[in-house]
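The values are calculated or read from the model by the stated rules, or taken from the named source; none is laboratory data. All values derive from a computational prediction rather than experimental measurement. We place every Cβ from the backbone using ideal geometry, glycine too, and count neighbours over all the protein chains shown.
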Amino acid sequence: MSAAGRTEPLGPPSGFAKRLLVTGGAGFIASHMIVSLVEDYPNYMIINLDKLDYCASLKNLETISNKQNYKFIQGDICNSHFVKLLFETEKIDIVLHFAAQTHVDLSFVRAFEFTYVNVYGTHVLVSAAHEARVEKFIYVSTDEVYGGSLDKEFDESSPKQPTNPYASSKAAAECFVQSYWERYKFPAVITRSSNVYGPHQYPEKVIPKFISLLQHNRKCCIHGSGLQTRNFLYATDVVEAFLIVLKKGKPGEIYNIGTNFEMSVLQLAKELIQLIIGSLQGIELRNSQTEEMPEHGLTMH
């Protein structure tokens, strides 16, 4: 796909109080954010920049696609010339940077691509935003940067201990964002959210993946013991949190976004089995490397 390809040409701004750029806006979480912004902020022009990668879909935005305060631009954040031109032409005031490669397992296979998009792409965007003197830049990171400990609680001051290429690339991108704050007082805010689920989520993620597998009478595969806990957050709830950060987030600060509710991956799978299959009877945990897979339920890697 052409990096500079666009479904709508760039044009001069007109009559809006703010012009807000959302990167990766055809993706899962960002599409929910755009719908909320377009509907609740009619005096803001919401510009959606998305490359339209495999997990993106403009169908997520059909309800607002014809709104006067919404514009879609197809393009790649790694194309520095294109990004610089976009900031110059569109007169961007605020940036919400969601665009990223995000699949943990895939990051081991395509680590260089994750580094290129998540680190280099973020650097390109931050550089252009700094030159354009935006008033706020929100970088959407992940709680994966803290690592995968089973028994630790984390806060925003906890050290970064990423355990996979995806988390490493997000942590590295955070460093670029923070360096611009430290050196130039670039008005950057970082968020680290937990596992988000909800409508439009691509089926490679754990909850829709498990649901799809069970609906097709297939097993749920779990890495390791399954005892690692995760904090799950519904899509519209995380949008509310991003809106608060947009209004009140202070430059230079980091904000964790999550809930007090945690569940192990194993318990999540059991809950879904109960809901979809109706019973846990006959469900066994087996080692996929040494035993035959069960017809339904769980298998441990």
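Things worth noting here:
- Any hit, the stretch 80-97, residues being surrounded by fewer than 18 Cβ atoms within 10 Å (Cβ to Cβ) and either among the hydrophobic types (A, V, I, L, M, F, W, C) or not assigned by TED's automatic domain parsing to the domain that holds S36 (or both): yes
- Selection count, the stretch 190-223, where residues are part of a strand (DSSP E or B) and of a type outside the set (S, T, Y): 8
- Pairs linking a residue in the stretch 240-253 that is on the phi > 0 side of the Ramachandran plot to a residue that is surrounded by 12 or more Cβ atoms within 10 Å (Cβ to Cβ) and among the aromatic types (F, W, Y), with Cβ atoms under 7 Å and 6 or more positions apart or on different chains, are G252/W181.
- Residue tally, condition on the phi < 0 side of the Ramachandran plot and surrounded by fewer than 20 Cβ atoms within 10 Å (Cβ to Cβ), over the stretch 137-170: 17
- Taking the stretch 108-136 as the range and being buried (at least 23 other Cβ atoms within 10 Å of the Cβ) and either in contact with a His (Cβ under 7 Å, 6 or more places away or on another chain) or under 14 Å from N164 (Cβ atoms) (or both) as the test, the residues that pass are F114, N118, T122, L125.
- The residues of the stretch 83-133 that are part of a loop (DSSP other than H, G, I, E, B), within 16 Å of V22 (Cα to Cα) and either in contact with a Phe, Trp or Tyr (Cβ under 8 Å, 6 or more places away or on another chain) or not basic (K, R) (or both), listed by number, are I92, D93, F98, A99, A100, Q101, A132.
- Single residue of the stretch 159-178 satisfying the filter (more than 16 Å from the chain's Cα centre (by Cα) and assigned to a helix (DSSP H, G or I)) that is nearest to Y139 (Cα to Cα): V177
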